[in-house]
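> First, the structure itself, so that you have it in front of you.
The values are calculated or read from the model by the stated rules, or taken from the named source; none is laboratory data. Only a predicted model underlies this, so the values are computations on that prediction, with no experimental measurement involved. Every residue, glycine as well, gets a Cβ built from its backbone with ideal geometry; the counts of neighbours run over all protein chains shown.
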Ligand code: 6PG
């Protein structure tokens with residue numbers, strides 16, 4: 001998929017990418033709350049997004065207007081340290097006053113199929129109870145990382161994604177754990193803005209392939225979402241500053 005509708009911004013280090021991401025999250029939140037009284041943010045897992053989340057702690061924001069969703073989740077117990085929701089809580093959700101009712105973790109502990117159906121109901125407004133009060137899409141900002149193979153969220157190369165659903169089960173992810181839940185491109189692109197974070201020398205091959213036109217999940221999603229891609233020098237194959 002050509003990266004035609006995607007913009008790439010190069011920054012020196014992963015910390016610069018994280019800082020720029022935090023700044024953009026806060027700016028998007030301020031704009032969304034001013035315009036619509038709420039800010040719907042989709043979090044990504046992975047080391048670079050987590051670094052950005054830590055930089056949100058202590059910053060001024062109308063946290064009570066924020067709603068938090070997840071782009072994907074690993075099918076592990078709710079308090080497992082490798083859960084994206086646990087990493088996000090430790091990095092910032094437990095340190096900012098976002099109402100707990102406004103945080104929508106994927107119930108991945110139910111297993112991929114049940115969790116995908118549940119989150120689909122949550123996002124499509126057909127859920128009951130607390131989830132029934134979910135603000136309507138589109139999201140205001142979707143954050144994504146990229147794996148060494150060009151995956152994003154839990155959308156992996158060679159793993160076709162059906163067109164219909166917003167959320168899918170993943171049963172054989174090449175990146176452990178194999179069982180996951182993921183938003184689909186259709187859900188990820190139901191967003192006003194999309195940021196893709198790519199840092200580290202281990203991403204250089206996939207980034208080069210993407211920019212050369214390889215058909216990768218990250219490229220498909222980024223093109224559909226007209227994403228801004230923040231990359232550091234290491235991911236671009238340059239020597240560290
Ligand atoms: C996951 C993530 C995944 C991640 C990339 C990049 O659950 O594994 O959602 O898509 O964002 O693999 O992760 P790193 O930044 O840690 O390399």
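> Given the conditions (1) surrounded by 20 or more Cβ atoms within 10 Å (Cβ to Cβ); (2) more than 15 Å from the ligand (Cβ to nearest atom), and given that residue 114 satisfies all but one, which numbered condition is not satisfied?
(1)
One line per residue, one yes/no per condition, for (1) within 16 Å of the ligand (Cβ to nearest atom); (2) without any contact (Cβ under 8 Å) to a residue 24 or more places away in the chain; (3) part of a helix (DSSP H, G or I):
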site	(1), (2), (3)
16	yes, no, yes
23	no, yes, yes
52	yes, no, yes
87	yes, no, yes
90	yes, yes, yes
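> Report, by residue number, each residue of region 54-85 that is in a loop (DSSP other than H, G, I, E, B), surrounded by 14 or more Cβ atoms within 10 Å (Cβ to Cβ) and within 14 Å of the ligand (Cβ to nearest atom).
71, 75, 76, 80, 83
> A follow-up question, please. Check whether at least one residue in region 29-43 is within 13 Å of the ligand (Cβ to nearest atom), at negative phi and not in a loop (DSSP other than H, G, I, E, B), and report yes or no.
Our first condition is that a residue be within 13 Å of the ligand (Cβ to nearest atom); within region 29-43, this holds for 42-43.
Remaining after also requiring at negative phi: 42-43.
Right, trim to not in a loop (DSSP other than H, G, I, E, B) and you get 42-43.
For region 29-43, residues within 13 Å of the ligand (Cβ to nearest atom), at negative phi and not in a loop (DSSP other than H, G, I, E, B): present.
> Would you say residue 213 is within 16 Å of the chain's Cα centre (by Cα) and either assigned to a loop (DSSP other than H, G, I, E, B) or more than 14 Å from the ligand (Cβ to nearest atom) (or both)?
Details: within 16 Å of the chain's Cα centre (by Cα): no; either assigned to a loop (DSSP other than H, G, I, E, B) or more than 14 Å from the ligand (Cβ to nearest atom) (or both): yes.
Considered against the rule, which asks whether it is within 16 Å of the chain's Cα centre (by Cα) and either assigned to a loop (DSSP other than H, G, I, E, B) or more than 14 Å from the ligand (Cβ to nearest atom) (or both), residue 213 comes out as no.
> Considering only region 162-172, how many residues are under 17 Å from the mean Cα position of the chain (by Cα) and either exposed (fewer than 13 other Cβ atoms within 10 Å of the Cβ) or within 15 Å of the ligand (Cβ to nearest atom) (or both)?
Quick first cut of region 162-172, residues under 17 Å from the mean Cα position of the chain (by Cα) only: 166-170.
From the residues that got through so far, the ones that are either exposed (fewer than 13 other Cβ atoms within 10 Å of the Cβ) or within 15 Å of the ligand (Cβ to nearest atom) (or both) too are 167-170.
Within region 162-172, residues that are under 17 Å from the mean Cα position of the chain (by Cα) and either exposed (fewer than 13 other Cβ atoms within 10 Å of the Cβ) or within 15 Å of the ligand (Cβ to nearest atom) (or both) number 4.
> Could you check residue 47 against (1) surrounded by fewer than 19 Cβ atoms within 10 Å (Cβ to Cβ); (2) at pLDDT 95 or above; (3) under 19 Å from the mean Cα position of the chain (by Cα) and say which number it fails?
It fails just one condition, (2).
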